[in-house]
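The values are calculated or read from the model by the stated rules, or taken from the named source; none is laboratory data. These numbers were taken from a predicted model, which means no experiment stands behind them. Cβ placement follows ideal geometry from the backbone for every residue including glycine, while neighbour counts extend to all protein chains displayed. The area values use the complete protein model at the heavy-atom level, side chains included, leaving out ligands, DNA and RNA. Shrake-Rupley method; radii C 1.70, N 1.55, O 1.52, S 1.80 Å.
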Amino acid sequence: MDRDYAAHTPVFVGVLKGGFIFLADLVRRMQVSVLSVEFLRLSSYGGNKTSSGFPKIVVGLPDDAVENRHLVVVEDIVDTGLTTAATLRYLREKKPASIKLCVLLDKPERRRVPTLIDYVGFTVPDRFLVGYGLDLDQRYRQLPGIYILNQEPG
Ligand code: IMP
């Protein structure tokens, strides 16, 4: 990624809340001397393990943070792809110079919207994961590693 942004100052757009720990670790490994960091927030699962459908932007970005800028969208996990699709649709309307997508975890089995990921950490199975920023109803986010949440019996 450093090579890709040698000639352009990147703007890292963290998608809250799940992506904040990954973003913090990622920027600390970057070698580029200048980068910007911005944050977007979308409506969440609201305590459920399955997506409620169509996420909405609840905290957006000012136009000048996006227009003609080279964006790297940083997400914790792509599951159905609906959150990513809503994020990219919102950002594209603000006319960035480029957008790339960087995700820590790709869970392709549940995909509903085809999603092209430029930088991916790990491909994961269809299990509910917690820790390292990922939560269930605001729990487990602070765990230092990533864990599979055991399904309740029954
Ligand atoms: P999507 O819209 O279905 O792709 O879901 C994206 C969002 O759902 C992520 O940014 C997470 O906040 C949440 N999510 C999806 N799968 C998991 C998981 O296994 N654990 C915790 N959160 C998840």
Checklist entry - Would you call PRO55 assigned to a loop (DSSP other than H, G, I, E, B), surrounded by 15 or more Cβ atoms within 10 Å (Cβ to Cβ) and in contact with a His (Cβ under 9 Å, 6 or more places away or on another chain)? => result no
Checklist entry - Scanning the stretch 28-42 for residues that are touching a strand residue (DSSP E or B) at 6+ places or on another chain (Cβ under 7 Å) and open to solvent by 40 Å² or more (accessible area, probe 1.4 Å), which turns out nearest to the ligand (Cβ to nearest atom)? => result ARG41
Next on the checklist: Could you check the stretch 129-144 and list, in sequence order, the residues that are within 15 Å of ILE77 (Cα to Cα) and of a type in the set (Asp, Glu)?
Outcome noted: ASP135
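Could you count how many residues in the stretch 119-137 are of a type outside the set (Val, Ile, Thr) and under 15 Å from GLY19 (Cβ atoms)? Spell out how you get there, then give the answer.
Filtering the stretch 119-137 for residues of a type outside the set (Val, Ile, Thr) gives 119, 121-122, 125-129, 131-137.
Within this subset, residues satisfying the condition of being under 15 Å from GLY19 (Cβ atoms) are 119, 121-122, 129, 131-135.
The qualifying residues number 9.
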Next on the checklist: Report every pair of residues separated by at least 6 positions or lying on different chains whose Cβ atoms are under 7 Å apart, first residue within the stretch 111-138 and within 8 Å of the ligand (Cβ to nearest atom), second modelled with pLDDT under 95 and of a type in the set (Lys, Arg).
Outcome noted: PHE128/LYS49; LEU136/LYS49
Item to check | Search result, residues across the stretch 16-39 that are under 21 Å from VAL66 (Cα atoms) and β-branched (Val, Ile, Thr) | outcome: VAL27, VAL32, VAL34, VAL37
Item to check | Within the stretch 53-105, tally of residues that are more than 16 Å from the ligand (Cβ to nearest atom), among the hydrophobic types (A, V, I, L, M, F, W, C) and more than 21 Å from GLY121 (Cβ to Cβ) | outcome: 4
Item to check | Residue in the stretch 86-98 that is closer than 19 Å to VAL130 by Cα and in contact (Cβ under 8 Å) with a residue 12 or more places away in the chain present | outcome: no
